[in-house]
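Below you'll find the structure, written out as structure tokens, and then a few comments.
The values are calculated or read from the model by the stated rules, or taken from the named source; none is laboratory data. Treat the numbers as computed from the prediction; the structure is a model and nothing was measured. Cβ placement follows ideal geometry from the backbone for every residue including glycine, while neighbour counts extend to all protein chains displayed.
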Amino acid sequence: MICYLFPEPTFFFYSPDVPALLYYAQIPATVIALFFSLYAFWKGKQFLLNRLLLAISIFFSLWTVSTLIAWTNIHSDFILFIWSFFSLILGLLSIFCIYFIYVFLEKKDVSVRLKIFFLALLAPIIFLASTPLNLSGFNLTNCDAFDFEWFPLKAYGTLLGVLAMVWILILIIYRYRKAIPDFKKQIILMGVGIELFLFSFFGMEFLATYLTKIGLLPNSQLELYGLFGMVIFMIYISILMVRFRAFNVKLIATQALVWGLVILIGSQFFFIKTPTNMVLNGFTFVASIVLGYFLIRSVKKEIKQKEELVKLNVDLQDLLKQRESLVHLVTHKVKGSFTRSKYIFAGMLDGTFGEVTPELKKFAEQGLESDNMGIETVDLVLNASNMQKGLIKYDMKVIDFNNLIKNSISEKEISAEAKGLKIETEIKNDNICSVFGDSIWLKEVVNNLIENSIKYTKEGKIIVGLEAESGKARLSVKDTGVGITEEDKKNLFTEGGRGKDSVKINVDSTGYGLYSVKLIIEAHKGRVWAESEGAGKGSAFFVELPVMT
Amino acid sequence: MEIRYIHFRENFFFYVLALLIIMIGIVSYYRFMVNHDYLVRYEGTCDPVTEKCFTGCEDDDCTEMFYYSEMVKYAPDLYRECGDDITDCEAASICLSEDRECSVDYCDVDLDDNICVIPVGKTDTSINDNIGSDEENLLQINETDNTI
């Protein structure tokens, strides 16, 4: 039978008599749902979760297409044939949403018992779908079948929706309490998304049908607003894909946004009336596809580069670990060898091995000195490595920095004088200057700086100063030595960093001395830096530490 | 050669469901598309002079009215009598003896008072003696306005 009061639709779906909202609500929601679920399915066919998402989207699409047919078609046979599936689709959507949430939360398929229970819940709808209890007739005047639906069955379909909402809510709350923080965020996103979808979809559908049936509304247009719930659900799904790689899908935010935008612009074609607007929308549509394509390509390229960098960084970290363990192994072995030979030389000198000739004694003295230097170097490298890893435990106490410097100067005066250098002090305030730190390691710093100056100064003097102002104690070690070029300044406090010509002056330079100074001072919440006017113009090293008041 | 086993136990839910949906599709198709096994409700013709008719408006401003009865017929009978279009089909507005299921509902003043048009002769009290033409021979009962 033909609904004689309504025009035949063109292109099967298009009828000027239906509200534009029908197309605007149905088509974007359907395309967006199918786009994301097909994308997820395509990227991971083997995952049950992705399959269930696709199933939900297909049922939803069947619903939208069916309602579109029911709204626009005028052949009662065909409309009734389609209408007979409405309750079934509603039931399937509810059950599959529950199934989907189970798999999402538990990361595994549900039990056979639960599947049988799902089938039992669907049974009334399945067995009554084709019978007059579901649909008994058709109203040709209104071109619908609302008057001939059996209310208990219709209500059962909606009840399944309500059951799904409550069931999912309970599952989510129960699982949320046991989940790890990262998964908690995913549960919230998924829970809010699916509950909003079910609420808007079933709520609006029931309300629209009920109000139309009792004559409060002229038609069931209200249910169309419920379809936007699917768009919201898909937004949440895409957030899960982008942020958490849910569904085992690598979807980038730009991709989701661009294609979402293209779908929305494309859907405008269905309710634009004027040719000018149609052309303008056409341009926007094509431009958004082209620009979107290039944007996605460029973002993908950038992401790929970032991922490569992350991978390189991981490789680098592995290499550093390997190098560290190698350094430890070598230095310990070397230190062990040095120590053994040191005791041999010391034994030769103190007569443990009997009387030695003066000539042999001279060689033993040289050997002992060389061993001491070797041990010192190995200690320097080992200490720097331990400091880097935070393995050094500082014994922090209030110490007299003034006194510590003076002790250090007196210890180094002999070696300075041996080189013909003079150490002057410029300690302005002779009062006690207290700092909070480890006296052993801070003395190491002062010694290192003074030794450095002695090594790199051929003639002239070294001036060690200390002043306290603005809550800081500033130690300075100035010399009239080789100076530092701008290029060398960059490597000065780096691991193994040495001046370009430093080896010419100091053959034993390891490049770890100043690096250790920097690490120690930083551990004491201070800072260290060097100043020089250039090569041959002397250098000045400064250490600044907070003063204890 | 790789042998693939179908795990029925794992996928029985989907297989059973798919089978049932296909069955529903076949039965529904046969019922509605082939047998036309359903009732059809539509607006039948109604003579306001002799019958209690429902009234409807032709346009939004209700400048022109039309009168109808509510017909319910079994779709296969209607197909046999009128084809798939009941417009201009006289048989659609009456119940024939061979119709398996057929009913004509006229307007009930108690239920549908504000859209009923009742012929003068069928009312208990004569309200207007000046009515002459067929159109004027009608008594329209309206809840808000009880004038003719």
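In table form, for the structure just shown:
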read-out: Enumeration of residues in region A:198-238 that are assigned to a helix (DSSP H, G or I), among the small types (Gly, Ala, Ser) and closer than 21 Å to A:Leu159 by Cα; value: A:Ser200, A:Gly203, A:Ala208, A:Gly226, A:Gly229
read-out: Any chance B:Asp84 is modelled with pLDDT under 90 and either in a helix (DSSP H, G or I) or more than 25 Å from A:Phe146 (Cβ to Cβ) (or both); value: no
read-out: Options A:Thr72, A:Thr30: the member that is touching a helix residue (DSSP H, G or I) at 6+ places or on another chain (Cβ under 6 Å) and hydroxyl-bearing (Ser, Thr, Tyr); value: A:Thr30
read-out: Any hit, region A:114-130, residues being within 40 Å of the chain's Cα centre (by Cα), surrounded by fewer than 18 Cβ atoms within 10 Å (Cβ to Cβ) and either hydrophobic (A, V, I, L, M, F, W, C) or not in a helix (DSSP H, G or I) (or both); value: yes
read-out: From A:Phe86, A:Phe81, residue being within 12 Å of chain B (Cβ to nearest Cβ) and either within 22 Å of A:Ser200 (Cα to Cα) or touching a strand residue (DSSP E or B) at 6+ places or on another chain (Cβ under 6 Å) (or both); value: A:Phe86
read-out: Of all residues in region A:512-546 being assigned to a loop (DSSP other than H, G, I, E, B) and in contact with a helix residue (DSSP H, G or I) (Cβ under 8 Å, 6 or more places away or on another chain), the one that is nearest to A:Lys443 (Cα to Cα); value: A:His524
read-out: Residue in region B:32-42 that is touching a residue at least 40 places away in the same chain (Cβ under 8 Å), part of a loop (DSSP other than H, G, I, E, B) and out of contact with any Asp or Glu (no Cβ under 7 Å at 6 or more places or on another chain) present; value: yes
read-out: Unique residue being out of contact with any Cys (no Cβ under 7 Å at 6 or more places or on another chain), in a loop (DSSP other than H, G, I, E, B) and surrounded by 11 or more Cβ atoms within 10 Å (Cβ to Cβ) when the list is A:Phe345, A:Phe353; value: A:Phe353
read-out: Search result, residues across region A:142-194 that are within 30 Å of A:His75 (Cβ to Cβ) and among the basic types (Lys, Arg); value: A:Lys154
read-out: Odd one out for A:Asn386, checked against (1) in contact with a helix residue (DSSP H, G or I) (Cβ under 8 Å, 6 or more places away or on another chain); (2) closer than 17 Å to A:His332 by Cβ; value: (1)
read-out: Residue that is modelled with the lowest pLDDT, among those in region B:49-64 that are under 18 Å from A:Leu5 (Cα atoms) and of a type outside the set (Ser, Thr, Tyr); value: B:Asp60
read-out: Of all residues in region A:282-324 being acidic (Asp, Glu) and either free of Cβ contacts under 8 Å to residues at least 40 places away in the same chain or outside the structural domain of A:Thr377 (by TED's automatic domain parsing) (or both), the one that is surrounded by the most Cβ atoms within 10 Å (Cβ to Cβ); value: A:Glu302
read-out: Residue check for A:Val327: in a helix (DSSP H, G or I), out of contact with any Asp or Glu (no Cβ under 6 Å at 6 or more places or on another chain), touching a residue at least 12 places away in the same chain (Cβ under 8 Å) and within 29 Å of A:Leu391 (Cα to Cα); value: yes
read-out: Exclusive hit being modelled with pLDDT of 80 or more and farther than 30 Å from A:Trp71 by Cα, set A:Ile263, A:Ile237, A:Ile289, A:Ile232; value: A:Ile289
read-out: Where A:Gly91 falls short, out of the listed (1) over 28 Å from A:Pro7 (Cα atoms); (2) surrounded by fewer than 20 Cβ atoms within 10 Å (Cβ to Cβ); (3) small (Gly, Ala, Ser); (4) within 13 Å of another protein chain (Cβ to nearest Cβ); value: (2)
read-out: Hey, A:Met348 in contact (Cβ under 8 Å) with a residue 60 or more places away in the chain and farther than 30 Å from A:Leu251 by Cα or not; value: no
read-out: Test set (1) at the interface with chain A (Cβ under 10 Å from one of its Cβ atoms); (2) loosely packed, with under 15 Cβ neighbours inside 10 Å; (3) in a helix (DSSP H, G or I) - B:Tyr15 fails condition number; value: (1)
read-out: Some residue of region B:34-41 being at the interface with chain A (Cβ under 10 Å from one of its Cβ atoms) and at positive phi; value: yes
read-out: Residue within region A:149-165 that is closer than 21 Å to B:Tyr38 by Cβ, in a loop (DSSP other than H, G, I, E, B) and more than 10 Å from chain B (Cβ to nearest Cβ) present; value: yes
read-out: Residue match in region A:157-175 (condition: closer than 20 Å to B:Phe14 by Cβ and in contact with a Leu (Cβ under 7 Å, 6 or more places away or on another chain)); value: yes
read-out: Residue among A:Ala256, A:Ala208 that is buried (at least 19 other Cβ atoms within 10 Å of the Cβ) and in contact with an Asp or Glu (Cβ under 8 Å, 6 or more places away or on another chain); value: A:Ala208
read-out: Long-range neighbours under 9 Å by Cβ, at least six apart or interchain, first residue closer than 14 Å to A:Ser532 by Cβ within region A:482-508, second hydrophobic (A, V, I, L, M, F, W, C) and modelled with pLDDT under 80; value: A:Val482/A:Ile505; A:Gly499/A:Ile505
read-out: Residue identified as in contact (Cβ under 8 Å) with a residue 12 or more places away in the chain, within 10 Å of chain B (Cβ to nearest Cβ) and under 30 Å from A:Phe146 (Cα atoms) among A:Phe96, A:Phe59; value: A:Phe96
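The rows are residues; the columns are (1) within 9 Å of chain A (Cβ to nearest Cβ); (2) surrounded by fewer than 17 Cβ atoms within 10 Å (Cβ to Cβ); (3) of a type outside the set (Gly, Ala, Ser); (4) out of contact with any Cys (no Cβ under 9 Å at 6 or more places or on another chain).
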{"position": "B:Thr55", "(1), (2), (3), (4)": "no, no, yes, no"}
{"position": "B:Asp60", "(1), (2), (3), (4)": "no, yes, yes, yes"}
{"position": "B:Glu64", "(1), (2), (3), (4)": "no, yes, yes, no"}
{"position": "B:Ser69", "(1), (2), (3), (4)": "no, no, no, no"}
{"position": "B:Val72", "(1), (2), (3), (4)": "yes, no, yes, no"}
{"position": "B:Leu78", "(1), (2), (3), (4)": "yes, no, yes, no"}
{"position": "B:Ile86", "(1), (2), (3), (4)": "yes, no, yes, yes"}
{"position": "B:Cys89", "(1), (2), (3), (4)": "no, yes, yes, no"}
{"position": "B:Cys102", "(1), (2), (3), (4)": "no, no, yes, no"}
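Residue-by-condition table, conditions (1) farther than 20 Å from A:Tyr39 by Cα; (2) without any contact (Cβ under 8 Å) to a residue 60 or more places away in the chain; (3) over 16 Å from the mean Cα position of the chain (by Cα); (4) part of a helix (DSSP H, G or I):
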residue	(1), (2), (3), (4)
A:Leu240	no, yes, no, yes
A:Phe247	no, no, yes, yes
A:Gly260	no, no, yes, yes
A:Ile263	no, no, yes, yes
A:Gly266	no, no, yes, yes
A:Val279	yes, yes, yes, yes
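Yes or no, residue by residue, for (1) within 14 Å of chain B (Cβ to nearest Cβ); (2) crowded, with 16+ Cβ neighbours inside 10 Å; (3) under 19 Å from A:Phe202 (Cβ atoms):
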{"site": "A:Met1", "(1), (2), (3)": "yes, yes, no"}
{"site": "A:Thr10", "(1), (2), (3)": "no, no, no"}
{"site": "A:Ala20", "(1), (2), (3)": "no, no, no"}
{"site": "A:Tyr23", "(1), (2), (3)": "no, yes, no"}
{"site": "A:Leu48", "(1), (2), (3)": "yes, yes, no"}
{"site": "A:His75", "(1), (2), (3)": "yes, yes, no"}
{"site": "A:Val103", "(1), (2), (3)": "yes, yes, no"}
{"site": "A:Lys108", "(1), (2), (3)": "yes, no, no"}
